[in-house]
């Protein structure tokens, strides 16, 4: 049995194993050097040449860098180059937030035609109507550890210990970081064990590595104090990079609400009325319920994903934002009120990929690189996706959605390239 990438062979025990298919006389081991040398031009060139020979391909675009490859250490291993995703700018967008206040132009990285045009259109209409109001409702990130118990009596005694010694545990956890802080430890009996939900304020970092280390230190302290040998630092209860109803209601990352009132006059520019958009919203809500949709919105992940890629965020955390909810209604004056709630937004303005060349420049465009900027960045994202929701609602209501994709969104491939 064979495919383009792998060849099934039989070992001595007649068990099927997968062996990579490489050209004869080419090693099946990826070239690698020690330490910083693995990020040198020589090491990268060796890997690229090996890969070209092994896969019979010509790699002329991938091994191009605009900054020193050593800057990527800690972000990636076995580096061979960069993925070039085009970046567009959307705006202007007026934001009336607590942390983001003023007019912004938002960098968005995407290969989806018409997306930038769509968001820019929504931004211009919202700005003309006074801007977006944004509020950060909640901000916390949690890791949940699991301590197996022999029964309910031991579980109750364990919970009493945690509640009584929470300050000492907090002090241990915070020894690992100068930035994050442990806000609370919640105890949950689950099966034959107790879950400890460590809830953190991660400050300006997205903070996953930070809270993992802090939780590890806390669990080690608890283990030593109570002579418990078996425990799991992560239990999967936090549902990191997975959708979770618990996280929607209890929080995971930043919970934001954004809204704007769009006048009848401004909506005429989109060739729709408030009543028409509201009728579309009501009918599409019924369809969403029938589909069993979790999170009701038009294209929120389009906006968040493109900003995440441009600004060096962990794109896998998009799954948490997919549960966002958009809503529209008619005001007493007959205008359109539109809002979005993003209950689980995970972002950072320090650490991770935020300091890499283009990613840092995109954060600089927003005035959001470095310490003290993460809440501003979160408000800008919430305001941006609201503009995208207005635009797509108007386009679907008026029937212009398909015309726009036909005009701007069709990229006919050049088969000779």
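Here are the numbers for the structure shown:
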{"item": "Any hit, the stretch 128-136, residues being surrounded by fewer than 18 Cβ atoms within 10 Å (Cβ to Cβ), in a helix (DSSP H, G or I) and not assigned by TED's automatic domain parsing to the domain that holds residue 64", "result": "yes"}
{"item": "Those residues of the stretch 373-399 which are outside any helix (DSSP H, G or I) and either at pLDDT 95 or above or surrounded by 21 or more Cβ atoms within 10 Å (Cβ to Cβ) (or both), in sequence order", "result": "373"}
{"item": "Residues of the stretch 267-280 satisfying the condition of being crowded, with 20+ Cβ neighbours inside 10 Å and outside any loop (DSSP other than H, G, I, E, B)", "result": "267, 274, 277"}
{"item": "Meets criteria (part of a helix (DSSP H, G or I) and over 30 Å from residue 260 (Cα atoms)) for residue 46", "result": "yes"}
{"item": "The listed residue being modelled with pLDDT under 90 and buried (at least 21 other Cβ atoms within 10 Å of the Cβ), out of 206, 293", "result": "206"}
{"item": "Candidates 94, 183 - the one that is within 25 Å of the chain's Cα centre (by Cα) and assigned by TED's automatic domain parsing to the domain that holds residue 265", "result": "94"}
{"item": "From 69, 107, residue being in contact (Cβ under 8 Å) with a residue 24 or more places away in the chain, assigned by TED's automatic domain parsing to the domain that holds residue 303 and under 29 Å from the mean Cα position of the chain (by Cα)", "result": "107"}
{"item": "Some residue of the stretch 176-198 being touching a strand residue (DSSP E or B) at 6+ places or on another chain (Cβ under 7 Å) and under 30 Å from residue 262 (Cα atoms)", "result": "no"}
{"item": "Test: residue in the stretch 26-33 that is in contact with a strand residue (DSSP E or B) (Cβ under 6 Å, 6 or more places away or on another chain), in contact (Cβ under 8 Å) with a residue 24 or more places away in the chain and either assigned to a loop (DSSP other than H, G, I, E, B) or not assigned by TED's automatic domain parsing to the domain that holds residue 127 (or both)", "result": "yes"}
{"item": "Unique match (being in contact with a helix residue (DSSP H, G or I) (Cβ under 7 Å, 6 or more places away or on another chain) and over 24 Å from residue 235 (Cα atoms)) among 141, 136", "result": "136"}
{"item": "Unmet requirement for residue 169, which otherwise passes all of (1) surrounded by fewer than 20 Cβ atoms within 10 Å (Cβ to Cβ); (2) touching a strand residue (DSSP E or B) at 6+ places or on another chain (Cβ under 9 Å); (3) assigned to a helix (DSSP H, G or I); (4) touching a residue at least 40 places away in the same chain (Cβ under 8 Å)", "result": "(1)"}
{"item": "Test: residue in the stretch 142-153 that is touching a residue at least 12 places away in the same chain (Cβ under 8 Å), in the same structural domain as residue 273 (by TED's automatic domain parsing), part of a helix (DSSP H, G or I) and over 24 Å from the mean Cα position of the chain (by Cα)", "result": "no"}
{"item": "Any hit, the stretch 357-367, residues being assigned to a loop (DSSP other than H, G, I, E, B), modelled with pLDDT of 95 or more and under 23 Å from residue 90 (Cβ atoms)", "result": "yes"}
{"item": "Scan of the stretch 45-68 for residues that are in contact with a helix residue (DSSP H, G or I) (Cβ under 6 Å, 6 or more places away or on another chain), within 26 Å of residue 354 (Cα to Cα) and modelled with pLDDT of 95 or more, ordered by number", "result": "63"}
{"item": "Residue among 283, 247 that alone is assigned to a helix (DSSP H, G or I), out of contact with any helix residue (DSSP H, G or I) (no Cβ under 6 Å at 6 or more places or on another chain) and crowded, with 20+ Cβ neighbours inside 10 Å", "result": "247"}
{"item": "Failed item in (1) in contact (Cβ under 8 Å) with a residue 40 or more places away in the chain; (2) assigned by TED's automatic domain parsing to the domain that holds residue 214; (3) not in a helix (DSSP H, G or I), with residue 178 passing the rest", "result": "(1)"}
{"item": "Options 267, 256; residue that is touching a residue at least 60 places away in the same chain (Cβ under 8 Å), more than 27 Å from residue 293 (Cα to Cα) and in the same structural domain as residue 328 (by TED's automatic domain parsing)", "result": "267"}
{"item": "Test result for residue 117, outside any strand (DSSP E or B) and in contact with a strand residue (DSSP E or B) (Cβ under 9 Å, 6 or more places away or on another chain)", "result": "yes"}
{"item": "Failed item in (1) surrounded by 19 or more Cβ atoms within 10 Å (Cβ to Cβ); (2) modelled with pLDDT under 95; (3) part of a helix (DSSP H, G or I), with residue 352 passing the rest", "result": "(3)"}
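The values are calculated or read from the model by the stated rules, or taken from the named source; none is laboratory data. Small disclaimer: the values here were computed from a predicted structure and weren't measured. Don't worry about glycine lacking a Cβ; one is built from the backbone with ideal geometry, like all the others, and counts go over all protein chains shown.
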